[in-house]
Amino acid sequence: MNTPRMQHYIPRFYLSGFADPDILDFEGKEVLWVYERGKQIRRSSPTNEARQRDYYSLVAEGSRNVEVETWLGNLENEVAPIIANLVKDPRHVTELEKQLLALFIGTMQGRTPAGRWFAENKVGPLTNQIIKEAAAHPDKFRSFIKENYHLPEGEDVDLEEVRRDILAGRGEHLSARQDFKLISIIEVGKMVAEVLLSMNWQTIHSEEHDPFLTSDDPVISHVIDERANRLRFRMGVASPSVNVWFPLSRTACLRMTKDSEAGVGQWVPAGIRYLNKMIIMCADRWVYASEQSAKIKSLFDRKGGLANVRTVDFRFEDPKK
């Protein structure tokens, strides 16, 4: 299969949901407005944004392996019509839709440059734990290795010896492999999805003149620190009282929490501005919008990226824990 070398970490279909509804470019393509701190608003398109060359590829036996890109693409194909329907028809999310959306959101959290940086620099012990859990069971470990790692033909690998080394604490070299880093996007995404499925889901809609934003790191999670009267971002989806937000399009958003009932509703403009401010603060580098707005630019210049994954302070002990 001829897989494109330019691979999107934010899917094109998803970015299309935030395109300007009123204009097309001179080639008839969708227009996306891009905001970056300290720079002029840039006119672009979903095709040309949030992508890097060979982002999910690795070289194995002299050829490019694109299995992770293919897996994510198949998931996107299943999720795209669900999001389109939820945007068009305000309603509860069905249980089957939740399973696919939770997996999409879970992997989205780890597939962006910010998410991959966080995984490689902050969550190394978690990836090692995934290996150790598999290594605890010989049959499970053998299946895990064969499914997720591409050992060269003819290479004499004693999987039982590798398994014992991992259990003895010598598995760091395995977690440092590029193929493991890529497959961890999926495996950790599955773990996040399980937590999201235990929450209550709300589908929130806006009107056209109060659009939602999105960014290059679009999954937002926060806990309210009542003692300091502030929001604590990126506390993890399993944190007590966490709120998880995921914009679906310029007119729809998902909220997942255990502290409120599931439901469907329309938000007031102040609520949408509140969420958009969080999106701007948590952006890694870019915010994507369906409008060219001096107010968005001003807010991004002042607040853009202040709570991004590379700089945020994760130290917070929730008194409710």
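Details
- Boolean, residue 216 is at pLDDT 95 or above and of a type in the set (D, E, K, R): yes
- Under the condition of being of a type in the set (Ser, Thr, Tyr) and either out of contact with any helix residue (DSSP H, G or I) (no Cβ under 9 Å at 6 or more places or on another chain) or loosely packed, with under 14 Cβ neighbours inside 10 Å (or both), the residues counted in the range 44-78 number 3.
- Residue 301 vs. criteria surrounded by 14 or more Cβ atoms within 10 Å (Cβ to Cβ), of a type in the set (Asp, Glu) and out of contact with any helix residue (DSSP H, G or I) (no Cβ under 9 Å at 6 or more places or on another chain): yes
- Residue match in the range 49-71 (condition: in contact (Cβ under 8 Å) with a residue 24 or more places away in the chain, farther than 21 Å from residue 5 by Cα and in a helix (DSSP H, G or I)): no
- Within the range 222-257, being of a type outside the set (A, V, I, L, M), part of a strand (DSSP E or B) and modelled with pLDDT of 85 or more holds for 222, 232, 233, 243, 245, 246, 247, 249, 253, 255, 257.
- Residues (part of a helix (DSSP H, G or I) and of a type in the set (Lys, Arg)) located in the range 90-104: 98
- All positions within the range 21-43 that are under 23 Å from residue 298 (Cα atoms) and surrounded by 19 or more Cβ atoms within 10 Å (Cβ to Cβ): 32, 33, 34, 35
- Single residue of the range 274-290 satisfying the filter (of a type outside the set (Phe, Trp, Tyr) and free of Cβ contacts under 8 Å to residues at least 60 places away in the same chain) that is surrounded by the most Cβ atoms within 10 Å (Cβ to Cβ): 281
- Just one of the listed residues (225, 210, 179) is within 27 Å of residue 289 (Cα to Cα) and more than 17 Å from the chain's Cα centre (by Cα), namely 210.
- Those helices (runs of 4 or more DSSP H) of the range 106-212 in which 2 or more residues are at pLDDT below 80 and within 24 Å of residue 283 (Cβ to Cβ) occupy 113-121.
The values are calculated or read from the model by the stated rules, or taken from the named source; none is laboratory data. None of the values given here were measured: they were computed from a predicted structure. Because the Cβ atoms are built from the backbone with ideal geometry, glycine has one as well, and the counts that use them run over all protein chains shown.
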